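The values are calculated or read from the model by the stated rules, or taken from the named source; none is laboratory data. Since the model is a prediction, treat every value here as computed from it, not as a measurement. Here the Cβ positions follow ideal geometry from the backbone for every residue, glycine too, while neighbour counts run over all protein chains shown.
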Amino acid sequence: MKIERIDHICFAVRNLDEAVKVYEETLGLTPDVYYVAESEKIRVARYNVGGVAIELMESTSPDGEVAKFIRKRGEGFYLISYKVDDVPKGLEELKAKGKKLIDHAPRHVKGYRYAFLEPPQRMLGTLVEILDGEFDPAAD
């Protein structure tokens, strides 16, 4: 697996509209796109900053992973996503190394194939995602 770059960094927020307002008033940033990922139970504001996307994520359901994260840890840094050359190949390489993976096959959203790696406690407290493909806000 070849890591090409950081694709995006995500922050879990309780209220997306309030978080967007903070980013606009404090940093002068406005979202490039908003989208909903039903499969992940999230509503997202996405900013492109210097070639890396920043995503503010609000859960659309009390049982969503972002909602669970906020209940446990509060709002804040949620995950880092690395763009790789091939997600299935990367998962196979990690399995061969004996890594305990969250995902054993890629998920799909908005033009990406992606997978979550080892549980955060095994990755220095950070949820790590690998992905390939290109972001397409119109895709499912």
Considering (1) more than 27 Å from P119 (Cα to Cα); (2) surrounded by fewer than 18 Cβ atoms within 10 Å (Cβ to Cβ), say which one V20 fails and leave the rest. (2)
Positions within region 109-140 being at negative phi, free of Cβ contacts under 8 Å to residues at least 60 places away in the same chain and outside any loop (DSSP other than H, G, I, E, B), in sequence order: Y112, R113, Y114, A115, F116, P120, Q121, R122, L127, V128, E129, D132
Would you call S81 surrounded by 13 or more Cβ atoms within 10 Å (Cβ to Cβ), of a type outside the set (K, R), touching a His at 6+ places or on another chain (Cβ under 6 Å) and modelled with pLDDT of 95 or more? yes
Quickly run through region 118-140 and pick out the residues that are closer than 16 Å to E40 by Cα and either surrounded by 17 or more Cβ atoms within 10 Å (Cβ to Cβ) or touching a strand residue (DSSP E or B) at 6+ places or on another chain (Cβ under 6 Å) (or both). L127, V128, E129, I130, L131, F135, P137
Residue check, A138 against (1) farther than 17 Å from A12 by Cα; (2) of a type in the set (G, A, S); (3) touching a Leu at 6+ places or on another chain (Cβ under 9 Å), all met but one. Which one? (3)
Over region 84-108, the set of residues within 15 Å of the chain's Cα centre (by Cα), part of a loop (DSSP other than H, G, I, E, B) and surrounded by fewer than 18 Cβ atoms within 10 Å (Cβ to Cβ) is I102, D103
